[in-house]
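Structure first, commentary second.
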Amino acid sequence: MTTRKTDVLIVGAGPAGLSSAIALKRRGVARVTVVDREPEAGGMPRLCHHTGFGVWDFHRLYTGPTYARRYTQLAKALGVEIRTETTIVGWENAHTLAYTSPEGTGALHADAILLATGVRERPRAARLVPGYRPRGIFTTGSLQRFVDEHHLPVGQRAVIVGAEGVSLSTFLTLQKAGVHVAAFLTDLPHHQMYFPYAPGKWWFVDLLHRTPIRTNVRISRILGLKRVEGVEITHTGTGQREIIPCDTVVFTGDWIPEHEVARKGNLVMDTGTRGPQVDAAFRTSEAGVFAAGNLLRGAETAATSAQEGRFAAQSIAAYLQGQPWPERRIPVVLEPPLLWALPNSLAPSDAHQPGKMDFRVGQFVENATVEVRQGRRVLHTQRFRRLLPNETMHLSGGWVAKINASGGAITLRLSD
Amino acid sequence: MPTTYDIAIIGAGAVGTAIARELSRYQLDIALLEAKADVGMGTTKANTAIWHTGFDAKPGTLEARLLRRSYALLEDYVEQAGIPTERLGGLLVAWTKEQYHTLPSLLERAHTNGVTDVRIISAEEVYALEPNLNRGAWGGLFVPGESLICPFTLPIAYATEALLNGATLKLNFPVQNVRQENGLHVLTGPGGQTVRARYLVNAAGLYSDEIDHMLGHHDFTVTPRRGELIVYDKFARRLINHVILPVPTPVTKGVLISPTVYGNVLLGPTAEDLDDKTNTATSAIGLQSLLEKGRAILPDLLNEEVTATYAGLRAATEHKDYQIRLHAAQRYVCVGGIRSTGVSASLGIAEYVAGLLAKAGLPLRPKGEFKTHRMPNIGEARPRPHQQDDRIAQNPDYGRVVCHCEKVTAGEILDAIHSPIPARTLDALRRRTRAMQGRCQGFNCQAAIVDILARETGQNPEVLLALDRGHMPKPLTLTATDHHAEEGQS
Ligand SMILES: Cc1cc2nc3c(=O)[nH]c(=O)nc-3n(C[C@H](O)[C@H](O)[C@H](O)COP(=O)(O)OP(=O)(O)OC[C@H]3O[C@@H](n4cnc5c(N)ncnc54)[C@H](O)[C@@H]3O)c2cc1C
Ligand SMILES: Cc1cc2nc3c(=O)[nH]c(=O)nc-3n(C[C@H](O)[C@H](O)[C@H](O)COP(=O)(O)OP(=O)(O)OC[C@H]3O[C@@H](n4cnc5c(N)ncnc54)[C@H](O)[C@@H]3O)c2cc1C
C-alpha cells in the first residue's frame, strides 16, 4: 500500500466537498484532493433529474446533474484533484485515510481532512416496519437510481411514505416512470408539501391535488411474498387498520448521516443529528478534521451544504495557517421535542463569531418560545409563531457572545 | 445425464446439499431436487448462524450425537472450503438466581454430551469478558466452542462440490408427487416432468412431513415455529466479543445476541408456533419483544441503527429429536424435524444418512478422486477482495466497489453470476456476495446490480423485480460439465 501526501483531503465530491475544495483553491491552498466512491463526482444532485438547484450559488436555475457538473468543472479548472471510484475504507492514523480503488489500495495523508460524505435515507428495515420482504420497496434515492440512472421498470401503483418536500420529489419521479400514486402517508397531523411552482404544468398540480394524503397514519405492515401487494396502515389515534393495495412502496425522508468514515475515526458523535459533533467552525473532536454538508444532520438543500463547505474552507485555511485547535468545547444539549441543533458544540473561541444556530423539532408546535441557557443563566429566548417538523428553524446567534467560556453545557428547550 | 438416478434427494437446504456432497464421494448418479430458484433458500438462509457445539442438546438423542460428530467434521471442512467462521466462544448468562442455580446441571449436560471445555464463571468474569452487558448478571457458563458460521456459503459449497463430483442439481423443481413403478421412485415435478431413482432421501425441511405422507408414513407433523430476528449495524459489533446466550428452556434456546461473520450483530430469535409454512413475515409484536429483550441484555445495542429484520421457520415436530428414519424396504430415508441445529449438524447428518442408505443396500463404492472446491470469502475474518492489492492488480473490478455498505466489488458480483451454481436472482447474489445486505439495504446499489444481473444472464429486469406476474420459473438443470444452465429440460 502506498501513501501519498496532500494538503487537504476531502471525502465526498458532493456540493459540500466540491464547494469547499473550490474555496480552498481560491484561498491559495496548493494541493486539494477530493475523493468519491461513485464513478462520477457531483454527489446526490447527480441523481436529481429535476430543476431546483443553483439559484443561491450560481444565480441560475439548474437541474441536479447540470449543477453537479458545474461544481465539478469549476473544481477541476482550479486544479482540484478529483479521484472517483475511490472508497475511503478507514483510518491509518489521525491524518491518513485508507482507500480502495480499481488502481489498488492506498492511503492519503493530509494536514487537514474534511468529511463531506452526505446522507442516506433510513430504509424500511431500519424503520422496523414488519411484514414480508418482497421486491418493490424503495427510498427516494433508490427510486431515482432506478428511474433516472438505470432506466429500470418500477411498478404500477405506489404508496409514498412521507408527505414533505422530498415526498413531492418522489411523486415527480414516479410520474415520470408512469407509476400511479395511490396515497401519501404521514403520521403527523398535517402534510408539508408546498405545491410546486410549475409553469404550464397544471395537469401535474391537478393530479397532485387529487392524490389522497393520509395524515395521522403509520405504515404497519408490508404484504406480498414475492412482490409488494399492499400496505397495511394504522391510524395513530384510533388504531383502526386499513389495507391499501399497491405493488410499490417508497419510503421518503428520515435521513441519517452517512457517518461510516466519521465513526471509524472515533470522532465524537452527536446523539441528536447522528453526525459528527462540530462547533461553529465545522471542527470535529479530532484536531485537523472538519465536517460539512448533509453528513452533519441529514438532508438540506444543496445550496446549504455548499455554503457550509465554503465556511468550512475558511476554518481549514485558518487551521493550516496555524490557528490553534480549541482545547475544550461546551456541549449543546436539547430537551424534547427538540431533536437536534447545529452547531452541536461551541468552542470558547466561537463566542467571538456569532452566527446562527439551526435546530429541528419532532412535531408541530404553535406559539413556541425557545430558551437557551447555560446552567441557570438564560442567554437567549426567541419566539416562534409555529415550529414545524421536517424543517430547519434558525435561532439568531448574538447570545453566543454571552457564553461563559469555562462554564457548563448549553441547554436548548421550549419554555412554557 | 442419466434417465434413472441411483438416488434422488428432495430439498437443497444445508441438510440436502450436505447429503448430496457426502454421496458424491461414491460411484452414484445423484439428483438433488429443489423447489426454489437456488440452493439454501429455505430455513437454511434465515437462522441465527451459530455453529453449535451441542453442549445443551438432550443427552442420548440423535441430535446430540450428530451435532458432536458434525462439529469435528466441520472443523476441517470450513478450512478446506473457505467457509467464513469465527471461533468466538459462547457466554451463557444467568440473569436470575433460579437461572444461576441451573448452571451446574447445564455443565453436567455439556460434559455428558462430550463438550468438556465448558466451565462456570463468576459475575466478575462475565463482565471481564463482556463489559457492555447490562448489570445484574449472577454468573455464566463459558462455552469456548460455540462459534459463528456463514449459513449462506455453506449449502452453496456443499452443492458445488456435489456437482463437481458428478451430481445433478435441478432448481425450480418442486416435487409434487412420488409414486413407485417397477422398483423405482418416480418423482413428478412441474409440467409433469419426472425424475426416476432407485433410492430416495427426503430432506424437504418444513415439507418433510408432506413428502413422508406421499410414501405412506405418518410418523410426525411439522409445525412451523417462527423465529424473528433483528440485524444491527456493524457499529454494534464492538459492543460484544462472544455469542451471548440465554439459559435455554425446554421450548426454545431463547433470545441471544451474537456477532455475525459479516461483522453485524444479531438479536433473536423469537419462538412462535404458526400454521402457515410460508409465513416468514416479521410482526410488530415480535420485533417489539426483541427490542425489550435486547435492551435488558445489552442496553447500548438499541442506540445503534437496525440494518435488517427477518424471520425463519423451524421445522418443529411433536417429537424432541430429529426424525431420521430408514425405510429399508422402500429404499427411502426421511430426514425430518431438523429443528434448530441443522446448519451445525449438517455434516454429521449426511454421514449418518449415507450409512443408513448403505444398510438398505445402496452400494457405496468410493470414486478414484474427490474434487474439492474453495468458496469466495464473504466473511470479515479473512481479507476480502477490495483489500487485496494482488487481486486488484489482476482484475481492477476487485477494486470497483458496487455495494458500498458491504464493500462488495464488481469482480465478486461477476464471479457469483458465473460460478458453478450461478446466481440468477437478486437473492442468490445477496447470499453469495453480501451485496444489498448492508445498512442501506441495497438502496444505493440495487439498481446497478439489477442492471448487471439482467445483462449478464440475459434475463428481463421485470422478472428479477417480480413485476412479471404471470412468470413461472422454469426448471433449471445444472451439472458441473455444463455451467450454462439448460432451461426447461429434464
Ligand atoms: C430526492 C432529492 C431531491 C433533492 N432536491 C433538491 C433540490 O431540488 N434542490 C436542492 O438544493 N437540493 C435538493 N436535494 C438535496 C441535495 O441533493 C443535497 O443537499 C446535497 O447533495 C448535499 O450535499 P453533500 O455534499 O453534503 O452530500 P452528497 O451530495 O450526498 O455527497 C456526498 C458524497 O460523498 C461520497 N461518499 C460517501 N462516503 C464515501 C466514502 N467512504 N468514500 C468516498 N466517497 C464517499 C458519496 O458518494 C457522495 O458523492 C435533494 C435531495 C434528494 C435526495
Ligand atoms: C430462527 C432460527 C434460528 C436457527 N438458528 C440456528 C443456528 O444458530 N445454528 C444452526 O445450526 N441451526 C439453526 N437453525 C436451524 C437450521 O436453520 C435448520 O435446522 C436447517 O436450516 C435445516 O436445514 P434443512 O436443509 O433441513 O431445511 P431447509 O433449509 O428448509 O431446506 C429444505 C429445502 O427443501 C425444499 N423443498 C421443500 N419441499 C420441496 C419439494 N416438494 N420439492 C423440492 N424441494 C422442496 C425447500 O425449498 C428447501 O430449500 C435455526 C432455525 C431457525 C428458524
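Of note:
- Area hidden from solvent between A and B (accessible, protein heavy atoms only, 1.4 Å, total, Å²): 4300
- Ordered from longest to shortest, the equivalent ellipsoid semi-axes for region A:196-293 are 39, 22, 14 Å, each the square root of 5 times a Cα gyration tensor eigenvalue.
- With bins 5 Å wide beginning at 0, the percent of Cα pairs of region A:123-253 falling in each bin runs 2, 11, 22, 24, 21, 13, 5, 2, 0.
- Calculated mean residue ellipticity at 222 nm for the protein assembly as shown: -7500 deg cm²/dmol, from DSSP H runs with n ≥ 4 weighted as -39500 (n - 2.57), summed, divided by the residue count and rounded to 500.
- In region B:354-490, a dipole from Cβ-located charges (positive for Lys and Arg, negative for Asp and Glu) runs towards its positive end, and of B:G361, B:T479, B:Q387 it is B:G361 whose Cα lies farthest in that direction.
- Kirkwood hydrodynamic radius of chain B, from inverse mean 1/r over distinct Cα pairs, in Å: 23.2
- For B:R314, distant residues with modelled amide H under 5 Å away: B:R225, B:R226, B:G227
- Charging the Cβ of each Asp and Glu at -1 and of each Lys and Arg at +1, and nothing else, the dipole of region A:1-156 about its Cα centre rounds to 320 debye.
- Chain B - accessible surface per residue (Å², probe 1.4 Å): 36
- Binned Cα-Cα distance frequencies in region B:385-470 - 10 Å width, integer %: 19, 50, 27, 4, 1
- A:R214 long-range amide H proximity, modeled H, under 5 Å: A:F184, A:L185, A:T186
- Given charges at beta-carbon only (K, R positive; D, E negative), |dipole| of the protein assembly as shown in Debye: 1120
- Distance between region A:160-182 and region B:199-268 - C-alpha centres, whole angstrom: 39
- Using a probe of 1.4 angstrom and keeping all protein chains present, the accessible surface of chain A works out to 41 square angstrom per residue.
- Rounded to two decimals, the Cα-based Rg/Rh of the protein assembly as shown, with Kirkwood Rh, is 0.99.
- Close lysine pairs were tallied over chain A: pairs 8 or more places apart or on different chains with Cα atoms under 27 Å apart number 8.
- Reduced Cα scattering model of chain A, Debye log10 I(q)/I(0), q = 0.06 Å⁻¹: -0.26
- Base-10 log of normalised Debye intensity for region A:328-416 (one unit scatterer per alpha-carbon) at q = 0.19, 0.21 Å⁻¹: -0.80, -0.97
- Mean sequence separation of contacting Cα pairs (under 8 Å, at least six apart), scaled by the length of chain A, corresponds to a relative contact order of 15 percent.
- Selection from A:N344, A:T369, A:H380, by position along the positive dipole direction of region A:328-416 (Cβ): A:H380
- Stokes-Einstein D (µm²/s) once Rh is taken as the Kirkwood radius of region A:262-332 over alpha-carbon pairs, at 25 °C in 0.890 mPa s: 196
- Whole-percent carbon and sulfur share, accessible surface of the protein assembly as shown, 1.4 Å: 51
- Those aspartates and glutamates that a straight Cα-Cα span of less than 12 Å connects to B:K170, excepting residues fewer than 8 apart in one chain: B:E34, B:D38, B:E486, B:E487
- Contact with the other protein chains removes 50 Å² or more of accessible area, compared with the isolated chain and a 1.4 Å probe, from these residues of region A:99-141: A:T100, A:P102, A:T105, A:R120, A:P123, A:A125, A:L128, A:P130, A:Y132, A:R133, A:R135.
- Net charge dipole size for chain B [Lys, Arg +1 and Asp, Glu -1 on Cβ; Debye, nearest 20]: 460
- Projecting the Cα atoms of A:A280, A:V333, B:L239 onto the charge dipole of the protein assembly as shown (Cβ charges, centred on the Cα centre) puts A:A280 farthest toward the positive pole.
- Using θ = phi - 60° and Karplus 6.51 cos²θ - 1.76 cosθ + 1.60, couplings along region B:390-404 (whole Hz; Gly, Pro as x): 5, 5, 5, 5, 5, 8, x, 4, 6, x, 9, 6, 9, 9, 6
- P(r) histogram, all alpha-carbon pairs of region B:24-160 included - 5 Å bins from 0, percent: 2, 9, 15, 17, 17, 14, 11, 7, 4, 3, 1, 0
- Solvent-accessible area lost in complex, 10 Å² minimum, residues of region A:258-292 relative to chain alone, 1.4 Å: A:E258, A:H259, A:E260, A:R263, A:K264, A:N266, A:R274
The values are calculated or read from the model by the stated rules, or taken from the named source; none is laboratory data. Small disclaimer: the values here were computed from a predicted structure and weren't measured. Using ideal geometry, Cβ is built from the backbone for each residue, glycine included, and neighbour counts are taken over all protein chains shown. Surface accessibility is based on the protein's heavy atoms, side chains included, excluding ligands, DNA and RNA. Shrake-Rupley method; radii C 1.70, N 1.55, O 1.52, S 1.80 Å.
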